Every structure is written in structure tokens, then in C-alpha cells.
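J.: Here's a structure for you.
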Amino acid sequence: MIRNILVVGCGVMGRTWLKAITENPRVKLAGVVDVRLEAAQSAAKDFGLAPGQAFTDLRQAITAVRPDFICDITIPEAHCPSTVTALKMGVPVLGEKPLAASMAQARTMLKAADQTKILYAVSQSRRYNPNHRTIADLVRTGAIGRPTTINCDFYIGAHFGGFRDTMESPLILDMAIHHFDLCRMITAADPVAVYAHEFNPAGSWYQGKVAASVIFEMSDGLVFTYRGSWCAEGCHTSWNGDWRVIGDRGTLLMAGDKAPLGRRVKAGGKPGFHAELEDIPVTVAPLKDNEIRGALQEFLDAFDGGPKPQGEVHDNIKSLAMVFAAIASARAGRRIPVKC
């Protein structure tokens with residue numbers, strides 16, 4: 001069954017979603033919404049819609065086109081009003097990350113989903129990556145035994161210009177949610193508490209604190225350490241970060257966007273100062289749909305009786321909580337609990 005979609009937000013990311021939507025045979029673009037009329041009209045023209053299918057008011061657009069669901073690709077500050085409006089009008093929502101611009105807004109959105117019993121999910125595009133899916137499957141199937149430790153390093157010298165240069169916490173607020181959410185995907189663990197230190201290194205071209213060292217206590221005793229910077233010149237990591245996952249029987253590595261690899265204690269191996277090890281067999285299976293296309297397909301599958309999307313609001317709010325707890329910890333200078 002072909003589903004009608006209304007896209008809200010026609011900026012750069014909105015247009016990325018519009019391209020993915022118009023290339024998907026399971027959906028039909030029914031309209032676009034943007035607070036800037038010229039942006040909505042331009043997107044409508046570029047993606048094959050009539051002028052009357054471009055709107056500046058979400059309520060009016062929903063009433064006019066009666067979409068099966070909306071894609072909310074607005075700025076974070078607009079996610080809450082857009083999502084709550086759609087849910088209260090009976091329309092499911094697939095939104096962009098982050099879920100909201102604050103935990104208070106996130107809880108309002110979760111409450112609206114509970115009250116209306118309408119599906120709301122957030123696209124965390126890095127979950128739909130073959131390497132990430134592979135390392136998560138290896139961990140969950142016991143390839144390294146019980147996971148105890150997970151580390152992520154992220155170092156990029158990013159000269160964005162614009163709003164990120166003046167943000168108070170650009171790295172944690174604008175980027176780290178990808179890595180925090182990947183930690184949860186890989187380990188299936190949830191955050192318990194955090195201690196974070198933010199700083200702005202010498203030579204930084206940012207006004208805010210663009211580097212951080214963060215330690216999360218996760219469920220089941222797992223510890224997640226995150227080290228990152230957006231003003232690290234030279235020897236960059238991947239944008240996905242470089243990862244080490246340690247279990248009680250072995251270790252997995254994932255770095256530079258290369259396939260994961262690992263070593264573990266060999267069953268029946270010879271005793272010694274170092275345990276006898278063996279390579280962990282790794283096969284990276286391609287995904288039919290990567291990144292936001294994967295999120296869209298998973299959301300559509302939910303319409304057809306499939307399981308809830310990975311980014312369903314009750315789960316995704318945990319990743320958002322990690323972001324705001326880390327910022328709060330850095331500003332308070334102490335360990336704090338992570339609360340959803």
C-alpha cells in the first residue's frame with residue numbers, strides 16, 4: 001500500500017528527505033510545509049508538486065492533504081509543536097534527530113504519543129549502517145562474551161562557520177547524540193549516570209566548549225567512555241567515530257569506517273600470561289536501505305504490522321537524556337544521574 005507523506009521543513013536536510021521519499025515506491029509525496037513560503041514553494045516545484053501543495057501552516061496542510069504520516073524535518077526547537085500538533089490531529093510522525101531541544105519538550109512529546117496512542121519515532125540514521133549493525137549483532141550474539149566496556153573516540157577539525165561556532169556546547173548538543181545512540185544500539189544498555197568535562201582547547205575557532213571527555217555508567221555495570229572534539233586538526237577519525245567494545249572473552253574494534261574486526265579467547269586454548277586468542281569471524285551483510293532510507297523503510301514496515309521502529313519515542317528519549325545529562329554534569333562539575 002502506498003502511503004501519503006507530508007514533509008515539514010524544506011531546508012537542506014528537508015530536501016535530503018524529500019529526495020529519499022520521492023525515490024521510494026512505497027510512498028507518495030502529498031505536500032510540503034515550511035514557515036518560509038518561498039522555501040515551501042521552491043521544494044514543491046523541485047519535487048513535482050503543484051503550487052497548492054505548498055503550505056506554511058501545518059494544521060492547514062494536514063487538513064488539506066490528509067497524510068498517512070508526516071516527516072518532521074524542522075529545526076530542533078520546532079520539533080515539539082510540529083509533532084504534538086500532528087499527533088493530536090491523529091497523524092503519525094517520523095522525525096529527525098534530536099527528538100527535542102530540551103528534556104521538558106521531549107517529555108511533552110512522549111506524553112502526546114501516550115495520550116493519542118499514535119506512532120512517533122525519531123530517525124537515528126547511523127543505526128542503518130552495515131558496519132554498525134554488524135558490530136551490534138556480534139555483541140548481542142555473544143561473540144566477545146558479556147560486554148563490560150565500550151569506548152568511542154571522535155576527532156574532527158570542522159570549520160562550519162555559522163551557528164555552531166557560537167553554540168555553548170556544540171559537540172555534545174549537535175553531534176554526540178549520534179555516538180551516544182550508537183552505544184545504546186551496540187550494547188543494548190541504558191544510561192544510569194554520567195560525569196562529563198567540556199572544554200575549549202587553545203587555538204579553537206569556536207566560542208563554546210567544543211571538546212569533551214564523558215564517562216557514562218550504563219545498565220548491567222557497563223562503562224561507556226566518550227572522547228571527542230570538533231577542533232582537532234589532523235589525523236581525523238571517521239564521522240562515525242572509532243570504537244572499541246570489550247567483553248569478558250574478547251574485544252571488537254571498528255574504526256575508519258572499515259569493517260569491524262576482533263579477537264577473543266580461544267575455547268580450549270593453551271594457558272599462559274596471555275590467553276590464547278583467535279580471530280572473530282566477521283561478515284558484514286549489506287543493508288538494502290542505509291541511513292535515512294533505512295529509517296523510512298522501518299517506519300513503513302511498522303504500518304504494515306512490523307515491529308516498532310528502533311527510534312520509537314519511548315526508546316529514543318533515552319539517547320536524548322544522555323545528551324542533556326552530559327551537559328548538565330559538565331556545568332555542575334559532578335556526576336549526575338541520567339533521567340528520562
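J.: For segment 27-45, indicate whether the set of residues that are at pLDDT below 95, in contact with a strand residue (DSSP E or B) (Cβ under 9 Å, 6 or more places away or on another chain) and not in a loop (DSSP other than H, G, I, E, B) is non-empty.
T.: Scanning segment 27-45 turns up no residue that is at pLDDT below 95, in contact with a strand residue (DSSP E or B) (Cβ under 9 Å, 6 or more places away or on another chain) and not in a loop (DSSP other than H, G, I, E, B).
J.: I'd like the full set of residues that are farther than 22 Å from residue 114 by Cβ and more than 18 Å from the chain's Cα centre (by Cα), limited to segment 302-340.
T.: Result: 304, 328, 329, 330, 331, 332, 333, 334, 335, 336, 337.
J.: From the list 40, 44, pick out the single residue that is in contact with a Phe, Trp or Tyr (Cβ under 7 Å, 6 or more places away or on another chain) and over 16 Å from residue 68 (Cβ atoms).
T.: None of the other options fit; the residue is 40.
J.: Take the residues in segment 236-252 that are of a type outside the set (Phe, Trp, Tyr) and touching a helix residue (DSSP H, G or I) at 6+ places or on another chain (Cβ under 9 Å), then tell me which one is farthest from residue 157 (Cα to Cα).
T.: In this case the residue turns out to be 247.
J.: Exactly one of these conditions fails for residue 215: (1) part of a strand (DSSP E or B); (2) crowded, with 17+ Cβ neighbours inside 10 Å; (3) in contact (Cβ under 8 Å) with a residue 40 or more places away in the chain. Give me its number.
T.: Result: residue 215 passes all but (3).
J.: How many residues are of a type in the set (A, V, I, L, M, F, W, C) and touching a Phe, Trp or Tyr at 6+ places or on another chain (Cβ under 6 Å) when one looks only at segment 8-28?
T.: 1
J.: While we're looking at this one, here's another question. How many of the residues in segment 1-34 are within 24 Å of residue 77 (Cβ to Cβ), of a type in the set (A, V, I, L, M, F, W, C) and in contact with a helix residue (DSSP H, G or I) (Cβ under 8 Å, 6 or more places away or on another chain)?
T.: 11
J.: Also, quick follow-up: Kindly check whether there is at least one residue in segment 245-254 that is closer than 29 Å to residue 164 by Cβ, surrounded by 14 or more Cβ atoms within 10 Å (Cβ to Cβ), touching a residue at least 40 places away in the same chain (Cβ under 8 Å) and touching a strand residue (DSSP E or B) at 6+ places or on another chain (Cβ under 8 Å).
T.: Step one: of segment 245-254, the residues closer than 29 Å to residue 164 by Cβ are 254.
In the following step, the residues that additionally are surrounded by 14 or more Cβ atoms within 10 Å (Cβ to Cβ) were identified as 254.
Then keep just the ones that are touching a residue at least 40 places away in the same chain (Cβ under 8 Å); that gives 254.
Still in the running and touching a strand residue (DSSP E or B) at 6+ places or on another chain (Cβ under 8 Å): 254.
The answer is yes; a qualifying residue exists.
The values are calculated or read from the model by the stated rules, or taken from the named source; none is laboratory data. All figures in this text were calculated on a predicted structure; none of them were measured in a lab. For neighbour counting, all protein chains shown are included, and Cβ atoms are generated from backbone atoms with ideal geometry for every residue, glycine included.
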